[in-house]
Protein chains: 2
Amino acid sequence: MLSYSIIGMGAIGGYYGGRLAKAGREVHFLAHSDYQYVLQNGLRVESCDGDFCLPHINAYATQKDMPKTDVIIVGLKSVKNHDVLPELLRPIVHQNSIVILIQNGIGLEDDLQNVFPGLQIVAGLAFICSAKVGPGHVSHQCYGSINLGNYSCQQEKFEVLLQDMTDAGIQAAEVPYLEARWKKAVWNMPFNGMTVALNTSTDKLLKNPATRQLIYDQMMEVIGAANALGVNTLTSEFADKMMQMTDEMVPYSPSMKLDFDYHRPMEIEYLYSRPIAEAKKVGFEMPKLAMLEAELKFIEAQLNS
Amino acid sequence: MLSYSIIGMGAIGGYYGGRLAKAGREVHFLAHSDYQYVLQNGLRVESCDGDFCLPHINAYATQKDMPKTDVIIVGLKSVKNHDVLPELLRPIVHQNSIVILIQNGIGLEDDLQNVFPGLQIVAGLAFICSAKVGPGHVSHQCYGSINLGNYSCQQEKFEVLLQDMTDAGIQAAEVPYLEARWKKAVWNMPFNGMTVALNTSTDKLLKNPATRQLIYDQMMEVIGAANALGVNTLTSEFADKMMQMTDEMVPYSPSMKLDFDYHRPMEIEYLYSRPIAEAKKVGFEMPKLAMLEAELKFIEAQLNS
């Protein structure tokens with residue numbers, strides 16, 4: 001059985017870390033503002049699959065006190081990947097550690113691998129509606145499965161990890177790495193930025209014929225980029241499916257819109273700059289998403305000025 | 001000597017009409033809300049070239065009372081071109097009338113010609129800083145020249161018009177029609193819409209590196225469209241010149257930004273939809289300006305809902 005560390009005790013880290021600990025796995029939680037609270041009260045998960053409490057968890061105020069573990073699950077915002085994440089990981093990874101990045105965007109694994117050449121990295125794509133509603137308190141409303149894309153993990157190790165998570169009651173499945181990342185980008189790139197740029201919600205963007213077409217055009221830019229990068233399984237049918245799925249959703253504020261609303265830094269780099277740059281390297285332009293990137297950079301600069 | 005009618009007694013119509021009347025030309029003004037005021041007080045122009053007052057002008061509350069004239073100068077917002085302008089023109093044009101459209105955008109002359117097949121139409125591109133500051137009161141701060149592009153005017157008639165305006169003290173010059181319209185679009189299309197989309201001013205857009213590049217890319221889309229439509233004299237040097245000129249300008253709100261601020265309809269059709277459609281007809285795409293068009297349509301729909 002593998003040992004786990006959870007970096008980022010929010011909606012994602014709190015939920016999956018909680019599931020693993022509940023199943024008896026060795027789990028270590030890095031808890032910043034929550035530290036004193038969870039030390040005394042543990043972790044509470046209200047879940048559509050059944051509530052549970054963990055009165056005692058291994059919580060730490062700093063990574064320097066944490067042991068090295070086999071698997072590190074990262075649920076941080078990607079804005080912290082350059083300056084904060086390497087410092088968090090350095091003391092807790094051993095020679096054979098696997099890091100799972102449950103984050104939005106393109107290029108995250110490449111950048112982390114550059115800093116830790118020997119590290120085994122896995123992309124985690126969570127399909128879950130959950131929220132952190134208080135200190136040591138996660139509310140899980142629906143779904144909960146996680147797709148794992150193997151970036152640089154030994155395949156036999158990867159399968160042990162997959163089995164271990166499944167045994168802990170987490171619906172985990174292997175997906176092709178690049179395809180999985182770009183599939184998520186098809187929804188993320190249009191909706192995250194456009195809800196910020198026009199200060200609105202997903203349903204209003206789809207109701208207006210002009211922005212509905214724009215969102216679709218942007219989805220097709222993402223699919224075109226993915227195709228240019230060798231992901232040939234993505235076609236316009238997937239864009240059609242994403243449009244239909246969003247039509248059926250309740251009005252929704254994507255994570256970037258929430259970051260904008262609460263004046264937190266936006267994940268512009270990994271959600272926009274990197275995918276646009278990766279596509280450009282192979283000669284594919286994404287003009288409408290590049291324009292959105294510029295608008296978001298302007299909006300962020302105005303908020304900070 | 002030609003007789004004149006002025007449709008739209010604002011910053012443009014008031015100034016050029018005033019100049020012509022001051023020089024003794026026969027000028028008829030259509031004055032809506034100003035009618036009672038100008039009937040009693042006339043027209044006042046404060047100008048960097050010398051103030052002047054016209055205590056008595058030929059003012060009308062409705063076009064139905066106006067005589068037919070040789071030249072009709074239109075300074076209306078182009079949002080009124082479909083439903084209002086034909087009704088205003090019908091009673092006052094004669095068989096040989098010339099209409100000068102001093103309006104922003106692309107496609108204005110085509111549309112008017114479709115309604116009035118025999119009409120002689122001229123594009124007027126005014127380089128003037130003027131504002132209507134009160135009833136019958138125009139303030140002219142600087143510049144004042146007008147470039148005339150011959151769309152469908154008999155050339156000998158066009159030259160009489162040009163001479164007549166010059167004799168009245170207006171700096172008027174002939175320019176190639178299509179080139180002149182597209183040259184104006186190089187500045188108008190990026191700045192009018194972007195100041196609305198990001199609710200900002202020209203200087204802030206140029207100060208931020210991301211939006212500065214975006215503005216330049218959009219200018220190059222306009223130049224590409226113009227080239228595709230046969231205007232081969234427009235090159236990237238003109239975009240460089242427009243960037244530099246705007247750098248040297250005081251922070252500025254383009255007309256569409258003022259329309260947005262005062263909750264007036266925006267000239268989206270002739271400033272965006274038409275030029276984008278004209279370019280598309282010859283196979284040239286303007287993706288960033290098409291995205292801006294969609295954003296503006298969304299913003300206008302939200303304002304009206």
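Report, by residue number, each residue of the range B:247-282 that is modelled with pLDDT of 95 or more and farther than 25 Å from B:ASN81 by Cβ.
Once the filter is applied, which keeps residues that are modelled with pLDDT of 95 or more and farther than 25 Å from B:ASN81 by Cβ, the range B:247-282 yields only B:ASP247.
Look through the range A:207-250, keep the residues that are within 14 Å of chain B (Cβ to nearest Cβ) and more than 17 Å from B:PRO287 (Cβ to Cβ), and return whichever of them is surrounded by the fewest Cβ atoms within 10 Å (Cβ to Cβ).
My answer is A:PRO209.
Out of (1) without any contact (Cβ under 8 Å) to a residue 40 or more places away in the chain; (2) within 14 Å of chain A (Cβ to nearest Cβ); (3) of a type in the set (A, V, I, L, M), what's the single condition that is false for B:ALA172?
(2)
Filter the range B:242-260 down to the residues that are of a type in the set (Asp, Glu) and more than 19 Å from the chain's Cα centre (by Cα) and list them by number. It would help to see each step written out before you state the result.
Taking the range B:242-260 as the starting set, the residues that turn out to be of a type in the set (Asp, Glu) are B:247-248, B:259.
Correct list: B:ASP247, B:GLU248.
Regarding A:MET243, is this residue within 27 Å of A:ASN81 (Cα to Cα) and part of a helix (DSSP H, G or I)?
Numbers: within 27 Å of A:ASN81 (Cα to Cα): no; part of a helix (DSSP H, G or I): yes.
Against the criterion (within 27 Å of A:ASN81 (Cα to Cα) and part of a helix (DSSP H, G or I)), A:MET243 does not qualify.
Okay, residues lined up against (1) under 14 Å from the mean Cα position of the chain (by Cα); (2) farther than 19 Å from B:PHE158 by Cα:
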| position | (1), (2) |
| --- | --- |
| B:THR62 | no, yes |
| B:MET66 | no, yes |
| B:ASP70 | no, no |
| B:LYS77 | yes, yes |
| B:LYS80 | yes, yes |
| B:PRO91 | no, yes |
| B:SER97 | no, no |
| B:ILE100 | yes, no |
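Return the residues of the range B:105-131 that are at negative phi and out of contact with any strand residue (DSSP E or B) (no Cβ under 8 Å at 6 or more places or on another chain); say none if nothing qualifies.
So in the range B:105-131, the residues at negative phi come out as B:106, B:108-131.
The answer is B:ILE106, B:ASP110, B:ASP111, B:ASN114, B:VAL115, B:PRO117.
Condition first: among the basic types (Lys, Arg) and more than 21 Å from the chain's Cα centre (by Cα). Now tell me which residues in the range B:1-58 satisfy that. Steps first, please.
First, the residues of the range B:1-58 that are among the basic types (Lys, Arg): B:19, B:22, B:25, B:44.
Selection gives B:LYS22, B:ARG25, B:ARG44.
What residue, of A:VAL222, A:VAL196, A:VAL186, is hydrophobic (A, V, I, L, M, F, W, C), in the same structural domain as A:MET286 (by TED's automatic domain parsing) and under 30 Å from A:ASP49 (Cα atoms)? Spell out the reasoning first.
Numbers: A:VAL222 fails: under 30 Å from A:ASP49 (Cα atoms); A:VAL196 fails: under 30 Å from A:ASP49 (Cα atoms).
After applying the criteria, what remains is A:VAL186.
Could you list all residues from the range A:102-118 that are of a type in the set (A, V, I, L, M, F, W, C) and closer than 16 Å to A:ASP83 by Cα? Give the steps one after another, and end with the answer.
As a first pass, look at the range A:102-118 and keep what is of a type in the set (A, V, I, L, M, F, W, C): A:102, A:106, A:108, A:112, A:115-116.
Answer for the range A:102-118, where residues must be of a type in the set (A, V, I, L, M, F, W, C) and closer than 16 Å to A:ASP83 by Cα: A:LEU108, A:LEU112, A:VAL115, A:PHE116.
I'd like to know if the range B:201-221 contains one or more residues that are touching a strand residue (DSSP E or B) at 6+ places or on another chain (Cβ under 8 Å), part of a helix (DSSP H, G or I) and closer than 18 Å to B:TYR272 by Cα. Let's see the steps before the verdict.
Taking the range B:201-221 as the starting set, the residues that turn out to be touching a strand residue (DSSP E or B) at 6+ places or on another chain (Cβ under 8 Å) are none.
The answer is no; no qualifying residue exists.
If you go through the range B:259-277 one residue at a time, do you hit one that is more than 9 Å from chain A (Cβ to nearest Cβ), farther than 22 Å from B:ASP111 by Cα and free of Cβ contacts under 8 Å to residues at least 24 places away in the same chain? Spell out how you get there, then give the answer.
To start, the set of residues in the range B:259-277 that are more than 9 Å from chain A (Cβ to nearest Cβ) comprises B:259-277.
Those left that are additionally farther than 22 Å from B:ASP111 by Cα: B:259-264.
Filter once more, keeping what is free of Cβ contacts under 8 Å to residues at least 24 places away in the same chain: B:261-262.
Scanning the range B:259-277, I find at least one residue that is more than 9 Å from chain A (Cβ to nearest Cβ), farther than 22 Å from B:ASP111 by Cα and free of Cβ contacts under 8 Å to residues at least 24 places away in the same chain, so the answer is yes.
Can you tell me which residue within the range A:282-292, out of those that are touching a residue at least 60 places away in the same chain (Cβ under 8 Å) and at the interface with chain B (Cβ under 7 Å from one of its Cβ atoms), is surrounded by the fewest Cβ atoms within 10 Å (Cβ to Cβ)? So that I can check it myself, show each step before the final result.
From the range A:282-292, those touching a residue at least 60 places away in the same chain (Cβ under 8 Å) are A:284, A:286-289, A:292; that's our starting set.
Then drop every residue that is not at the interface with chain B (Cβ under 7 Å from one of its Cβ atoms), which leaves A:287-288.
Numbers: A:PRO287: 20, A:LYS288: 23.
Taking the candidates together, the pick is A:PRO287.
The values are calculated or read from the model by the stated rules, or taken from the named source; none is laboratory data. None of the values given here were measured: they were computed from a predicted structure. Every residue, glycine among them, receives a Cβ derived from its backbone with ideal geometry; neighbour counts consider all protein chains shown.
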